[in-house]
Amino acid sequence: MRFAFAYGSRFQPYTISIFFLGMHEVILSNTFRNILLAASALLLPNGWKLLDCVCSIFISAFSVKVLYAVLRTNARILLLSVPPGSEKEIQQVLLQILAMGGVLSYKDHRFWAHSPNQFVGSIHVHATNEANEQKIINDVSGLFLAIGFTHFTVQIEKDQFIRSGNTTAP
């Protein structure tokens, strides 16, 4: 099951809440279980004893399927994985960053889902000494916000700072 939807070339995260989709499966599972339980209860007195075992197996299999989908989605969020379906869009944005004026390179880029509807990222951009820091921050942030990220942090590192051997920690 895919929880991200692409419209054109832009990544749109979770236009339908992932919890809504999970709840939809739980409702279907419960409905299916109730129908099978009713069928086995009606047919059990008529000598269909094997039907009770078959219904139990189907109910268990469907419950495991629903549980797997919910656990997989929650695990992606807890493990801070890249939002599903956004890998290509992220690579395109990273190439656009390298093509920006004043940008020499980037490093330490990290992207993850903070919650089902919030995608977060950060990146360090190595810029020339003459580059306009605010313009680069706004442009890079705008590129990532345009593909569905809700929070994005950009750290600019000027060429002179990197060459001097300074570190960001005191």
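The values are calculated or read from the model by the stated rules, or taken from the named source; none is laboratory data. Note that this is a predicted model, so its numbers are computed, not measured. All Cβ positions, glycine included, derive from the backbone under ideal geometry; neighbour counts span all protein chains shown. Quick note on the areas: whole protein, heavy atoms, side chains included, nothing else; ligands and nucleic acids left out. Shrake-Rupley method; radii C 1.70, N 1.55, O 1.52, S 1.80 Å.
Remarks
- Members of segment 118-170 found to be modelled with pLDDT under 85 and among the acidic types (Asp, Glu), listed by number: ASP159
- Selection from segment 132-148 of residues that are touching a helix residue (DSSP H, G or I) at 6+ places or on another chain (Cβ under 9 Å) and part of a loop (DSSP other than H, G, I, E, B): ILE147, GLY148
- Test for VAL120: is it open to solvent by less than 30 Å² (accessible area, probe 1.4 Å), more than 13 Å from GLU157 (Cβ to Cβ) and in contact (Cβ under 8 Å) with a residue 12 or more places away in the chain: yes
- One residue alone among PHE62, PHE111 is at pLDDT below 85 and not aliphatic (A, V, I, L, M), and that residue is PHE62.
- Single residue of segment 75-131 satisfying the filter (basic (Lys, Arg) and part of a strand (DSSP E or B)) that is nearest to LEU145 (Cα to Cα): ARG110
- Flag if LEU143 is within 30 Å of ASN74 (Cβ to Cβ), in contact (Cβ under 8 Å) with a residue 24 or more places away in the chain and open to solvent by 30 Å² or more (accessible area, probe 1.4 Å): yes
- Residues that are outside any helix (DSSP H, G or I) and surrounded by 12 or more Cβ atoms within 10 Å (Cβ to Cβ), drawn from segment 21-67: TRP48
- Long-range neighbours under 7 Å by Cβ, at least six apart or interchain, first residue closer than 24 Å to SER115 by Cα and touching a residue at least 12 places away in the same chain (Cβ under 8 Å) within segment 59-73, second outside any helix (DSSP H, G or I) and open to solvent by 100 Å² or more (accessible area, probe 1.4 Å): ALA69/MET1
- Checking every residue in segment 78-85 against the condition of being open to solvent by less than 60 Å² (accessible area, probe 1.4 Å), within 23 Å of the chain's Cα centre (by Cα) and among the aliphatic types (A, V, I, L, M) gives at least one match.
- Taking the listed residues VAL125, VAL120, the one that is more than 11 Å from the chain's Cα centre (by Cα) and on the phi < 0 side of the Ramachandran plot is VAL125, with no other qualifying.
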